[in-house]
Amino acid sequence: MEYEAVIGLEVHAQLLTKSKIFCHCPAAFGAEANTQTCPICTGMPGVLPVINREAVAFAIKTALVMGATINPHNRFARKNYFYPDLPKGYQISQYEQPLATGGRLTIEVNGEAKSVGITRIHIEEDAGKLFHGEHLGDAKASFVDFNRCGVPLLEIVSEPDLRTTEEARLYLQKLRQLLRYIEVCDGNMEEGSLRCDANVSIRPAGSAELGTKAELKNMNSFRHVKQALEYELIRQRDALESGEAVVQETRLWDPAQSITISMRGKEEAHDYRYFPEPDLVPLVVDEAWVAEVRSTLPELPDAKRARFESDYGLPPYDAGVLTASRALADYYEASVEGFADDPKMVANWVTSGLLGLLNRDGKEITESPLGPGALADLVRLVADGTISGKIAKEVFEEMYSTGRDAQTIVADRGLEQISDADALESVVAQVLADNADAAESYRSGKTQAMGFLVGQVMQATKGQANPKIVNELLRVALES
């Protein structure tokens with residue numbers, strides 16, 4: 001029997017606020033364990049939470065870019081469950097009245113657009129983090145860091161519209177890109193600021209009835225999400241084909257063994273005993289607030305990509321690479337402002353030259369030692385014939401490693417391209433005299449010999465001869 005996968009993702013994104021959602025404790029990652037806590041975020045008796053307005057604004061911004069319906073009246077609820085990393089014994093979240101519902105996210109699958117529905121977007125607080133003994137030198141002990149308790153978290157729940165593991169990966173990548181563009185989450189999966197749970201089931205192909213789902217947790221990379229889903233789909237198929245029942249449960253992804261492991265039975269809403277949070281009044285999001293947030297929205301990736309294609313004449317692939325991040329797109333546009341004569345040439349230097357070196361060094365575009373103006377100056381020197389493309393690569397690498405500008409490097413090293421035909425004629429004549437066999441081959445119809453002769457002239461001039469002029473001088477000399 002052929003089976004069809006049914007996948008929905010629950011993505012948790014830590015919001016980039018300076019303080020936590022209900023108190024003034026810092027929300028930054030990386031501090032010494034248990035140094036960013038207070039009686040509010042650790043749930044001491046008698047304390048009262050106060051909502052972080054910026055966290056709500058970030059949530060509104062996310063809902064807007066996903067086309068969700070923002071509920072003017074929503075409220076917080078207590079979600080009761082007991083784990084060592086949740087000191088209150090409950091989590092302040094949203095349930096019956098979330099911030100937003102509906103909306104869509106469009107991904108590109110094999111060149112075609114696929115729309116994935118959004119079920120809900122709601123705000124909640126994060127829990128702490130457990131560290132088990134095998135990582136800390138004591139195999140019998142576990143430790144907990146409460147710094148993460150109360151960090152504002154946005155949960156984005158998709159409809160079960162994904163049908164392949166590749167679609168799930170593309171959806172998660174697109175969502176991460178969008179959150180980073182609007183600057184509400186840094187998307188760092190290794191640090192846990194973007195986490196993904198997946199609900200996955202299979203059903204006979206063509207069936208409208210949903211199968212029994214499993215929830216997968218502990219996935220902190222795009223690769224792990226794809227691998228975990230692939231394993232789980234095979235596990236469920238094998239179970240059904242052997243006559244076993246698929247149990248609704250929560251399973252952990254074990255990347256060391258590349259398998260999913262049963263963790264517990266899947267909880268339902270009644271298991272959490274949701275009830276309205278008594279210490280927080282209902283949250284009202286009026287139209288004026290929504291309009292204020294809407295006015296801060298940047299140009300989004302899809303629109304920016306289309307504009308790069310139309311305004312700069314870039315092919316879709318180049319436009320996609322250059323709009324992968326907002327910072328990279330800004331860098332490219334600033335470079336084009338510095339040299340607007342050939343946007344495609346600028347794109348080539350950014351994508352093939354600069355990104356190659358940054359990837360080699362594990363750096364982001366924001367860490368580039370070359371500013372966009374410096375890159376534009378280099379491209380201008382190539383375009384106006386001051387230096388050849390080959391020499392430009394040497395200059396570029398020196399600019400990257402030293403921070404010096406292109407004009408200074410070219411002047412100090414005497415790298416200007418030789419475009420004086422009179423100065424090159426004697427070199428061409430000498431090359432033809434030294435390579436009479438190649439010259440005769442060309443005259444007998446073996447035109448590939450021209451490339452060899454051009455290379456000899458370039459070698460004799462240390463790469464500084466203008467290739468266009470060299471080709472013309474050789475052609476005239478050989479055919480005269």
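The values are calculated or read from the model by the stated rules, or taken from the named source; none is laboratory data. All figures in this text were calculated on a predicted structure; none of them were measured in a lab. Cβ atoms come from the backbone with ideal geometry, glycine included; neighbour counts cover every protein chain shown.
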> For ASP434, all conditions in the list (1) closer than 30 Å to VAL346 by Cβ; (2) free of Cβ contacts under 8 Å to residues at least 60 places away in the same chain hold save one; what is the number of the exception?
Replying inline: (1)
>> Quick check on the range 94-113. Is at least one of its residues in contact with a Pro (Cβ under 7 Å, 6 or more places away or on another chain), of a type outside the set (Gly, Ala, Ser) and in the same structural domain as GLY192 (by TED's automatic domain parsing)?
In response: no
>> Let me spell it out: the conditions are (1) crowded, with 19+ Cβ neighbours inside 10 Å; (2) at pLDDT 95 or above, and ALA334 meets all of them except one. Which number is the exception?
In response: (1)
> Say we look at the range 206-229 and pick out the residues that are aliphatic (A, V, I, L, M) and at pLDDT 90 or above; which of these is farthest from ALA127 (Cα to Cα)?
Replying inline: LEU229
>> Kindly evaluate ALA460 against the criterion of being more than 30 Å from TYR331 (Cα to Cα), free of Cβ contacts under 8 Å to residues at least 24 places away in the same chain, surrounded by 12 or more Cβ atoms within 10 Å (Cβ to Cβ) and in contact with a helix residue (DSSP H, G or I) (Cβ under 8 Å, 6 or more places away or on another chain).
In response: no
> Somewhere in the range 144-165, is a residue in a helix (DSSP H, G or I), assigned by TED's automatic domain parsing to the domain that holds PRO26 and in contact with a helix residue (DSSP H, G or I) (Cβ under 7 Å, 6 or more places away or on another chain)?
Replying inline: yes
> Counting only residues that are among the small types (Gly, Ala, Ser), buried (at least 20 other Cβ atoms within 10 Å of the Cβ) and part of a strand (DSSP E or B), how many does the range 90-130 have?
Replying inline: 1
>> Any residue in the range 19-35 that is without any contact (Cβ under 8 Å) to a residue 12 or more places away in the chain sitting within a Cβ distance under 8 Å of a residue that is surrounded by 14 or more Cβ atoms within 10 Å (Cβ to Cβ)? List the pairs, counting only those 6 or more apart or interchain.
In response: PRO26/SER19; PRO26/LYS20; PRO26/GLN36; ALA28/GLN36
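Here's the yes/no breakdown for (1) at negative phi; (2) at pLDDT 80 or above; (3) aliphatic (A, V, I, L, M):
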| residue | (1), (2), (3) |
| --- | --- |
| GLY362 | no, yes, no |
| ILE365 | yes, yes, yes |
| ALA374 | yes, yes, yes |
| GLY389 | yes, yes, no |
| GLU416 | yes, no, no |
| GLY455 | yes, yes, no |
| GLU479 | yes, no, no |
>> Are there helices (runs of 4 or more DSSP H) fully within the range 352-408 with at least 1 residues that are among the polar types (S, T, N, Q)? List them.
In response: 355-361, 389-402
> Among (1) in contact (Cβ under 8 Å) with a residue 40 or more places away in the chain; (2) in a helix (DSSP H, G or I), which single condition is GLU416 missing?
Replying inline: (2)
> Is at least one residue of the range 438-452 in contact with a strand residue (DSSP E or B) (Cβ under 9 Å, 6 or more places away or on another chain), more than 23 Å from LEU354 (Cα to Cα), of a type in the set (Ser, Thr, Tyr) and surrounded by 14 or more Cβ atoms within 10 Å (Cβ to Cβ)?
Replying inline: no
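Need a quick list: helices (runs of 4 or more DSSP H) entirely within the range 433-480 having at least 2 residues that are of a type outside the set (S, T, N, Q) and under 13 Å from ALA421 (Cβ atoms).
Those helices (runs of 4 or more DSSP H) span 467-479.
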> Restricting attention to the range 23-53, which residues are surrounded by 11 or more Cβ atoms within 10 Å (Cβ to Cβ) and at positive phi?
Replying inline: ASN34, GLY43
>> If I go through the range 43-93 residue by residue, how many of them are modelled with pLDDT under 95 and among the small types (Gly, Ala, Ser)?
In response: 3
>> Cβ contacts < 6 Å: first residue modelled with pLDDT of 95 or more, restricted to the range 313-326; second residue among the aromatic types (Phe, Trp, Tyr) and surrounded by 19 or more Cβ atoms within 10 Å (Cβ to Cβ), any location; separation 6+ or different chain. Result?
In response: LEU314/PHE308; ALA319/PHE308; LEU322/TYR332; ARG326/TYR181
> Out of curiosity, is GLU2 surrounded by fewer than 18 Cβ atoms within 10 Å (Cβ to Cβ) and either at pLDDT 95 or above or within 29 Å of the chain's Cα centre (by Cα) (or both)?
Replying inline: no
> Of the conditions (1) surrounded by 13 or more Cβ atoms within 10 Å (Cβ to Cβ); (2) under 25 Å from the mean Cα position of the chain (by Cα); (3) of a type in the set (A, V, I, L, M), VAL290 fails just one. Which one is it?
Replying inline: (2)
>> When the residues of the range 100-131 are narrowed to those that are under 21 Å from GLU191 (Cα atoms) and not aliphatic (A, V, I, L, M), which ends up modelled with the lowest pLDDT?
In response: PHE131
> Can ALA198 be described as aliphatic (A, V, I, L, M), farther than 30 Å from ILE51 by Cα and touching a residue at least 40 places away in the same chain (Cβ under 8 Å)?
Replying inline: no
